[in-house]
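Presented below is the structure to which this report refers.
Rule-based calculations on the coordinates, nothing more; no lab input. These numbers come from a predicted model, not from an experiment. Positions of Cβ are generated from backbone atoms using ideal geometry, with glycine treated the same way; all protein chains shown enter the neighbour counts.
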Amino acid sequence: MILVINYPPEGSLMTDITAISTTAPPRPVVARSRARRGPVARATRAAARDLAYLTGVLGTSILGFVVWTVGVSLAVSLSVLVIGVLVWVAVAGGLRITVDLDRRLVGWYRGVSLNGRYRHQVAGSHTTRVKTTLTDPRVWADLRWLVLNSLFGFAVAMVALAVTTEVVSLVAMPLWWWAISDPHHQYATLNLGIYTVTSTGWALVTAALGLALAPIALGINRSLARVHSRVAQRYLV
């Protein structure tokens with residue numbers, strides 16, 4: 001609604017106020033207009049999201065490997081002593097903190113909230129706390145996930161990042177091919193088997209090849225991210 005005020009001529013006591021109504025476009029039309037405007041932007045955001053998730057998987061898989069190997073080694077080596085049982089409680093806490101990072105990462109990617117079902121630590125003696133920790137199925141499930149993710153997650157992330165790096169290096173070939181003194185020994189980069197990049201022309205051909213392979217790399221990243229996140233969600237709750 002727009003109000004238009006017509007001021008009267010000098011000496012007049014009347015003021016003319018005219019109301020002009022305007023109609024906004026319906027929301028579905030606006031939504032469709034936005035959808036048509038940004039297909040490239042949406043695809044770029046999705047690809048960046050997949051790559052960010054897989055990069056996070058690489059980091060958490062390495063961290064998880066360090067945590068479970070060091071923690072289990074300490075607990076087993078000290079198991080002959082009374083302190084070994086208490087060390088396991090601390091190790092279980094470290095496992096939980098590390099797995100919570102995975103929950104946050106997977107929850108962000110899948111758009112859900114993931115919470116582990118841990119047994120409530122009732123107040124009592126240290127013996128009670130140790131017993132509750134050692135008999136909590138969720139603690140052992142955390143350990144199983146960290147062992148699995150340190151292998152499965154690491155492999156998935158490395159494949160995705162290797163494919164992405166290869167495509168980026170091909171697309172950017174005109175910018176760096178000339179800096180390599182012996183291109184014939186640079187397999188899978190300058191030496192592609194059927195030809196070797198030894199000139200700007202071949203570098204431009206390689207860049208075009210990289211652009212053609214980019215959708216395949218993005219599809220691989222999307223598939224790996226979805227498979228890993230689904231498996232992770234099943235193990236983390």
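Observations on the model:
- Taking the stretch 162-232 and dividing mean pair separation by its residue count, relative contact order in percent (alpha carbons under 8 Å, at least six apart): 37
- Over the Cα atoms of the stretch 32-112, the radius of gyration divided by the Kirkwood radius equals 1.30; this is the Rg/Rh ratio.
- For H228, net neighbour charge (Lys/Arg +1, Asp/Glu -1) across residues whose Cβ lies under 12 Å away: +3
- Percent of Cα pairs exceeding the 14 Å cut-off, where the set is the stretch 89-152: 61
- Kirkwood-based shape ratio for the stretch 80-122, expressed as Rg/Rh from alpha carbons: 1.16
- Alpha-carbon radius of gyration plus Dmax, which is the widest Cα pair, for the stretch 128-237 in Å: 21.6, 73
- For the stretch 149-232, applying the loop criterion from DSSP together with a ceiling of 16 other beta carbons within 10 Å to the trypsin sites (Lys or Arg not before Pro) yields no site.
- Relative contact order, percent, the stretch 111-214 [alpha-carbon distance under 8 Å, six or more residues apart]: 21
- Nitroxide proxy distance, nm - points 7 Å out along Cα→Cβ at Q186 and S77: 4.5
- Euclidean distance of C-alpha centroids, the stretch 165-217 and the stretch 78-119, integer Å: 44
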